[in-house]
Amino acid sequence: MSRQQTKQRRQKGRFSPEDEARLIARLDGTYNDELLALARHFGGQLQATRAHVKDIDVHGLTVEWETEGKREEMQFAFREVTGPASAMEEINELATEALQALGVTEPSRLARDRAQLQSQHLVDFSFRLPGVPLMAAVLLGMGLQGYLGLVAEVHPMVSFFRAVLPQMWSYYIFVVACGLHVFEGLACCALCQLIKLFQPKQMSTREQLKWTVGVTLFGLGCFHDFLSRLRRQFALADAIGPRPPNPASSKKSQ
């Protein structure tokens, strides 16, 4: 492979600048002991000190360290990395192997942190009704808007609204509001179906039906709660990271 081809391959395989900086800061700061273990075991330098990440991308990790005043480095190839979380999984496996070879019986801090994340309960997607004031406001608002839009002669108690907003406009607003509620309900139903597909323990057909009906009736007042939980689930999943599908051991190269 030519130098130009190698350069192009690495450019395509880089993390975003933010993810790369976050990974390097995390490894150099929090998991420096794991980097030293890589240098001491795979690099064969038991006296290695001041290890740090020289480079990292989706293809692998380059660790640099000092040994008796000399700078040395080694590259560690990843199997299949799709993002920062799976890169941390690969590094965790390398560090665990290195520490065990060096006679360290306790799990590394990186392994403990990942185990703690994995032991956390998944986000609870059980349906929960919005607060009574919000439900009352939504239902009364929709009912009043429908009344003003569908009834020609309204009660004197609400005639003020008719004076401000003609029946035609009230009707259009009511139709648009109903359309938005139905759209939100269908979107919620589709998202619930995705959760059932990938995390069947978190979403049942009964809960999916509850969320769909609830969001259709109460709109954003209910949908916001669902989306908040979904964001938390994505954040947790990203922190844990997927395990690489290839069971083969990582390749280490000088």
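Between SER16, SER119, the distinction of being open to solvent by less than 70 Å² (accessible area, probe 1.4 Å) and modelled with pLDDT under 90 belongs to SER16 only. Can you find a residue that is at positive phi, open to solvent by 20 Å² or more (accessible area, probe 1.4 Å) and at pLDDT below 90 anywhere in region 58-73? Yes, the conditions are met somewhere in region 58-73. Taken together, the residues in region 184-204 that are open to solvent by 90 Å² or more (accessible area, probe 1.4 Å) and either within 11 Å of VAL215 (Cβ to Cβ) or assigned to a loop (DSSP other than H, G, I, E, B) (or both) amount to 2.
Okay, residues lined up against (1) in contact (Cβ under 8 Å) with a residue 24 or more places away in the chain; (2) of a type in the set (D, E, K, R); (3) assigned to a helix (DSSP H, G or I):
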{"position": "THR96", "(1), (2), (3)": "no, no, yes"}
{"position": "ASP124", "(1), (2), (3)": "yes, yes, no"}
{"position": "PRO133", "(1), (2), (3)": "no, no, yes"}
{"position": "SER170", "(1), (2), (3)": "yes, no, yes"}
{"position": "VAL176", "(1), (2), (3)": "no, no, yes"}
{"position": "GLY179", "(1), (2), (3)": "no, no, yes"}
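Here's a check for you: in region 43-78, which residue that is within 21 Å of ARG26 (Cα to Cα) and not in a strand (DSSP E or B) is farthest from the chain's Cα centre (by Cα)? Taking the candidates together, the pick is ALA48. A single entry from LEU102, LEU110, LEU134 fulfils the requirement of being over 28 Å from ARG40 (Cα atoms) and either open to solvent by less than 50 Å² (accessible area, probe 1.4 Å) or not small (Gly, Ala, Ser) (or both): LEU134.
The values are calculated or read from the model by the stated rules, or taken from the named source; none is laboratory data. It should be emphasised that the depicted structure is a prediction, and the values quoted were computed from it without experimental measurement. Here Cβ is always computed from backbone atoms with ideal geometry, including for glycine, and neighbour counts include all displayed protein chains. Calculation scope for accessible area: heavy atoms of the full protein, side chains included, ligands and nucleic acids excluded. Shrake-Rupley method; radii C 1.70, N 1.55, O 1.52, S 1.80 Å.
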